[in-house]
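Every number here is computed from the coordinates shown, using simple stated rules; none is lab data. No experiment lies behind these values; they were computed from the predicted model shown. As a convention, Cβ positions derive from the backbone with ideal geometry for all residues, glycine included, and neighbour counts pool all protein chains shown.
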Amino acid sequence: MKVCIAEKPSVAREIAAIVGATTKKDGYLEGNGYAVTWAFGHLVGLAMPEAYGFTGFKAENLPILPKEFILQPRQIKEGKEYKNDPGALKQLNVIKELFSRADRIIVMTDAGREGELIFRFIYNYLDCKKPFDRLWISSLTDRAIREGLQNLRPGSDYDNLYLSARARSHADYVVGINASQALSIAAGSGVFSLGRVQTPTLAMICSRYLENKDFKPQTYFQLKLHTAKDATSFSALSLEKYDIRTKADEFYALVNSGGTANVVSVERKEANQEPPLLYDLTTLQKEANSKHGFSADKTLTIAQALYEKTVLSYPRTGSRYISTDVFDEIPQLLASMKSYSRFSAYAASMENAPLNIRSVDDKKITDHHAIIITENKPGELSPDERIIYEMVAGRMLEAFSKKCKKENTVVSLECDGVTFTARGSIILSAGWRGVFGTQEEEKEEDATVLPDIVQGDSLPVKGCDILEKQTKPRPLHTESSLLSAMETCSKEVEDEAEREALKESGIGTPATRAAIIETLFSREYIVREKKSLVPTNKGLTVYLAVKDKKIADVSMTGEWESALNKIALGGMDADTFHKGIEVYAAQITTELLTISIEGASNRTRCKCPKCSGQVVFYPKVAKCQNPDCGLKIFRSIAGKDLTDAQLSELFGKGKTGLIKGFKKKAGGTFDAIIAFDSEYKTVFEFPKNKPGNAGKGKKRK
């Protein structure tokens, strides 16, 4: 029997239908000599420090450097402890039984670094020794799967990819565990999270935020000349920018009294604008964020869903190119869009036209080619799915279209010693820009519509304005700009040689960058303000504590990604890489244990009545530092902020004294005692007004 293992049930069903495994069993499908089973993503992972005998956060335990990493089934939290996920255990038992019966194992997890790790961790945890083959495809269409099954590769061909994936997993574990525990110990209270890629990414956001906040705008002035030729009016800006208003006033008076502006030069250039390359995941995420406000994680989730619906190719790719053999399929794919209403007219216009080959390059293909549509027509799609599908389909039409031809004009005028410049641009042939029918998104500030002007023309001065402007800081990061910075690190590293080296890898990978950003949200290190990413006080506190430490070094993280890529290609030894990571972990642990977190050690604290842990008083909340306890009391109750003394009384005695001035929802005020009920929820208790009239408690709404 041949046993196929996919990454998730939905993909397994597609594969099972093709190989004829149509009989449903518990945890797999069977038939025609095949059994098709599945993982639920990462069924197996690295064991936490407790498995190695390290409990709690103790400086003497650091650095934690396992000699042999222990694998364990996926964990879930139950009460104060973590335990094996029953669902994961059940599926692992199914897989183990099938592997024991298999004559041949076929690996069908996603064809990439993480997909390889998912299978190998399961395979190693189950201590399976049977050889296996690998299905390596870039889409889940019937044709791609059938062709892949005819061209299975030995599993050993992907040993280096696995070594790279394992090295990444071990590095993230060693750096994350040691850095997070060291910083938390140094802070004295609270739990802080640091990571190999997470922390440099936070540093990018915080440094840009502080740069923007501290920016001091400089005021300057420009003259704006109004003139015309024939029936076309246009304006031109002074070449010089004036630092003081009086200087601008002086030249303003001269221009207004001059009467005419002479055309000194007219420069016209025809420009050919190449079509954009096809999408890789990062570029798709960036444009979906800037055009539609989608988060990186949302775009990846939608693209993955479209991949599993077999209408898009594999989305977790870092390449914007296709190979020559895939290019042979492009005419048919473009022609298929003639039946898609939004693109039907444009797709029909491309029939028999020569295709642009800018996106075709065999040498620039990584594990997978760029994201393209498949031959399968999309059925019912959600509005968000349709947006991503049309972005990819439209980009394909653009990428293989003709260049856009433009004529750019620069006119120089002189009026009473002041030089003015006007710029204009007209599209001669839309080419690829005709797909969405949009003009250039980013036009120059001083671009205008120009009449037919020649050198030597004398034009009337129809007015002049003084424009008061200010220099602007670099904007706060959006997810789009952050993805760009993560992809290349170019704008975050000053050294030119380092910039060039990092362009090949950046920090993180196309498949992981969305998850890194989401981690920063879940840790409450950053928030969204419209499209901008803004650090919270907690995020800034962490950044300011570590910004000069190795853990926040962007260039070093980029070098690691480059090293992981070399391991995957067989150009670097994984053990050598890991030894370097262990040295680094020891260094950052020493660094972090010696720092202090501003404001972390001088807050009021008391004993937790629920778990006997430590409660720390923050500006808006009093919170137990034991993550397994979760006791948290907000200061503001019914419009009244509790003082530290009142909170201390509540945690120490179970209730406060009488507090006056709580606000009623219907208006007015009331007096009450705040107390804990049996579940440590806050309730109101009211003083007895008359003998025999017991006060009643009411849960706070």
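Based on alpha-carbon atoms, the Kirkwood radius and the radius of gyration of segment 112-222 give Rg/Rh equal to 1.25. Rg and Dmax, both from the Cα atoms of segment 281-399 and both in Å, are 13.8, 39.
As an equivalent ellipsoid, segment 605-699 spans semi-axes of 25, 15, 11 angstrom, where each value is the square root of five times an eigenvalue of the C-alpha gyration tensor, largest first. Among the helices of the chain (complete DSSP H runs), which have Cα atoms covering no less than 30 Å along the helix axis and a Kyte-Doolittle mean of at least 1.0? For the chain, where a helix must reach 30 Å along its axis and average at least 1.0, there are no hits.
Among the listed options (i) 216; (ii) 245; (iii) 199, the one matching volume of the Cα convex hull per residue in Å³ as calculated from these coordinates is (ii). Between ARG146 and LYS579, the distance separating the two model label sites (each 7 Å from Cα on the Cα→Cβ line) works out to 5.2 nm. From largest to smallest, the equivalent ellipsoid semi-axes obtained for segment 275-320 from the alpha-carbon gyration tensor read 16, 14, 8 Å.
Can you figure out the FRET efficiency of ASP103 with ASN376, using R₀ = 30 Å and their beta-carbon distance, to the nearest 0.05?
Once rounded, the FRET efficiency stands at 0.40.
With a simple spin-label model that places each label point 7 Å from the Cα along the Cα-to-Cβ direction, the separation between ASP416 and ILE387 comes to 5.2 nm.
Between the alpha-carbon centres of segment 242-272 and segment 81-138 there is a gap of 72 Å. For segment 617-672, trypsin sites (Lys or Arg not before Pro) meeting the loop criterion (DSSP other than H, G, I, E, B) and having at most 10 other Cβ atoms within 10 Å: LYS620, LYS664, LYS665. In the frame of its principal axes, segment 2-151 has Cα extents of 57, 27, 26 Å, reported largest first. Here the label points at LYS58 and PHE436, each 7 Å from Cα along the C-beta direction, are separated by 5.8 nm in the simple model. Dividing the helix sum by the residues of the chain, where each DSSP H run of 4 or more adds -39500 (n - 2.57), gives a mean residue ellipticity at 222 nm of -11000 deg cm²/dmol. Working ranking of peptides 387-398, 572-583 by packing, defined as the average number of other Cβ atoms within 10 Å per residue, highest first, is 387-398, 572-583.
Counting only other residues whose beta carbon sits under 9 Å from that of ALA102, what net charge do I get with K and R as +1, D and E as -1? My count for the surroundings of ALA102 gives +3.
Extension gain LYS96-THR232, at 0.36 nm per residue separation less the Cα-Cα distance, in nm?
So the chain would gain 41.1 nm between LYS96 and THR232.
A Cβ-based charge dipole, computed about the Cα centre of segment 281-399 with Lys and Arg at +1 and Asp and Glu at -1, lands at about 340 debye.
Between LEU658 and ASN124, the FRET efficiency from the beta-carbon distance, with R0 = 56 Å, is close to 0.30.
Cα convex hull, segment 224-287: 195 Å³ per residue, rounded to a whole number.
Please work out the Cα center distance from segment 1-80 to segment 562-580, rounded to the nearest Å. Cα centroid to Cα centroid, the span is 25 Å.
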